[in-house]
1. From the residues in region 86-115 that are within 19 Å of Ser313 (Cβ to Cβ) and free of Cβ contacts under 8 Å to residues at least 12 places away in the same chain, which one is farthest from the chain's Cα centre (by Cα)?
2. Take the residues of region 53-87 that are among the charged types (D, E, K, R), on the phi < 0 side of the Ramachandran plot and open to solvent by 10 Å² or more (accessible area, probe 1.4 Å): which is modelled with the highest pLDDT?
3. Under 8 Å by Cβ, and 6 or more places apart or on different chains, what pairs join a residue from region 66-81 that is touching a residue at least 60 places away in the same chain (Cβ under 8 Å) with one that is open to solvent by 70 Å² or more (accessible area, probe 1.4 Å)?
4. Can you pull out every residue in region 88-108 that is surrounded by fewer than 24 Cβ atoms within 10 Å (Cβ to Cβ) and among the aliphatic types (A, V, I, L, M)?
5. Please count how many residues of region 339-368 are modelled with pLDDT of 90 or more and touching a Gly at 6+ places or on another chain (Cβ under 7 Å).
6. Just to verify a result, which residue in region 156-175, among those that are hydroxyl-bearing (Ser, Thr, Tyr) and part of a helix (DSSP H, G or I), is modelled with the lowest pLDDT?
7. Would you mind stating whether Ile275 is part of a loop (DSSP other than H, G, I, E, B) and within 19 Å of Ala130 (Cβ to Cβ)?
8. Go through region 176-193 and count every residue that is part of a helix (DSSP H, G or I), open to solvent by 40 Å² or more (accessible area, probe 1.4 Å) and farther than 25 Å from Ala288 by Cα.
Amino acid sequence: MKRKGSLGPGVLIAAAFIGPGTVTTCTAAGVGFGYGLLWALLLSVIATGILQEMSARLGLVSRRGLADAVKTEVSWPLLKNVILGTILIAILVGNAAYEGGNIGGATLGLQALFGTTYSGFYPWCIAGLAFILLYFGNSKVLELVFTGLVFVMSLAFVITALLTKPDTWELLKGMFVPALPNDGILTVIALVGTTVVPYNLFLHASLVHQKWKSPAALKQVRVDTAIAIAVGGLVSMAIVLCGTAAKTGAVNGVMDMAEALVPLFGEGARWFIGIGLFAAGITSAITAPLAAAYVANSCFGWNADIKDFRFRSVWMGVLLIGAFFMSFDINPIKVIQLAQIANGLLLPSVAFFLLWAVNRNSLMGRYGNTMAQNVLGVLIVLVSIVLGLKSILAVFGIL
């Protein structure tokens with residue numbers, strides 16, 4: 001029974017960032033820069049672990065989500081409404097765009113498996129499957145589904161990475177010797193965005209306080225979080241290694257991504273990447289609308305459960321927008337990459353709100369941040385601000 005009880009929402013968090021954005025961005029990083037940006041991915045994974053632990057601890061101890069903490073702790077009404085409005089708009093709009101990338105990634109998977117003849121219907125098929133799982137499923141069902149999908153994706157990508165026989169010295173150098181190529185800044189931003197997913201911070205806090213009922217479970221929560229982040233980081237790095245083994249100079253479509261696996265699996269690479277992308281897309285296509293619904297639930301003070309019409313209306317809206325957006329003839333790869341950059345830009349404000357909340361004695365009591373945790377949290381916020389500014393300058397051609 002202990003083992004069963006240890007299964008927590010960490011698997012949903014891992015599934016959320018091992019999505020099509022991870023597959024696309026990490027493949028692009030490997031194709032474009034080889035092992036050279038593994039350091040950025042490693043730092044992103046470490047930052048993710050630090051922030052997700054704070055989020056989970058906040059949910060467990062305060063019995064609130066991140067948006068709820070802002071509502072209860074900010075006393076000035078105008079400031080409270082501005083902050084909540086910013087969070088609500090950023091998450092709803094951001095997740096709707098991110099949902100387009102999720103559905104787009106799953107669409108690429110179906111194109112690889114079944115061709116492009118019926119591509120216009122693929123987004124709606126994917127949205128329909130996500131709808132069924134969200135509408136009729138519950139937390140236990142979702143945890144089991146996600147556990148299976150994450151396990152399959154993890155096993156496949158890690159084995160594939162090992163079969164590429166990576167250069168150990170170059171791998172270690174890429175992980176521990178930071179170097180930033182002139183045209184690598186947007187890829188670094190995308191790697192941060194695909195790993196440190198802002199909406200996961202809201203989702204994790206909400207799921208944790210539903211799963212566990214007292215601070216006595218803090219060790220269990222931390223183990224659950226650490227395993228999930230470690231698995232996600234391992235898979236992300238494995239995908240970079242697969243991209244490094246590719247014999248192509250650009251990632252413009254699903255066949256370019258499959259090229260990384262052709263030397264190992266032959267024509268079976270098309271099926272492998274198709275199944276992987278489809279699975280990754282479905283998991284993230286569920287978690288993004290779910291997170292948006294939890295944020296709206298907190299901001300509007302509904303106190304609704306997952307079967308409530310208001311809760312359902314939010315995730316339905318995000319799902320519908322994502323499917324509608326991807327029904328047009330738009331390159332899914334570009335949508336996915338833009339979504340990762342948008343996430344990287346949103347991160348500083350969300351990380352700041354989280355850091356502030358876990359330092360509130362009225363919320364956390366003796367479970368607030370230590371000095372070391374605060375130092376690391378401030379560093380993450382500062383680095384995310386610098387990366388966000390650099391990405392804006394790069395987009396306008398200033399950098």
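1. Of everything passing the filter in region 86-115, Ile89 is farthest from the chain's Cα centre (by Cα).
2. Glu53
3. Ala69/Arg360; Thr72/Arg64; Glu73/Arg360; Glu73/Ser362
4. Leu88, Ile89, Ala90, Leu92, Val93, Ala96, Ala97
5. 4
6. Thr160
7. no
8. Matching residues across region 176-193 total 1.
The values are calculated or read from the model by the stated rules, or taken from the named source; none is laboratory data. Model, not experiment: these values are computed from the prediction. Please note: Cβ atoms are built from the backbone with ideal geometry, for glycine as well, and neighbour counts cover all protein chains shown. These accessible areas exclude ligands, DNA and RNA; they are computed on the full protein's heavy atoms, side chains included. Shrake-Rupley method; radii C 1.70, N 1.55, O 1.52, S 1.80 Å.
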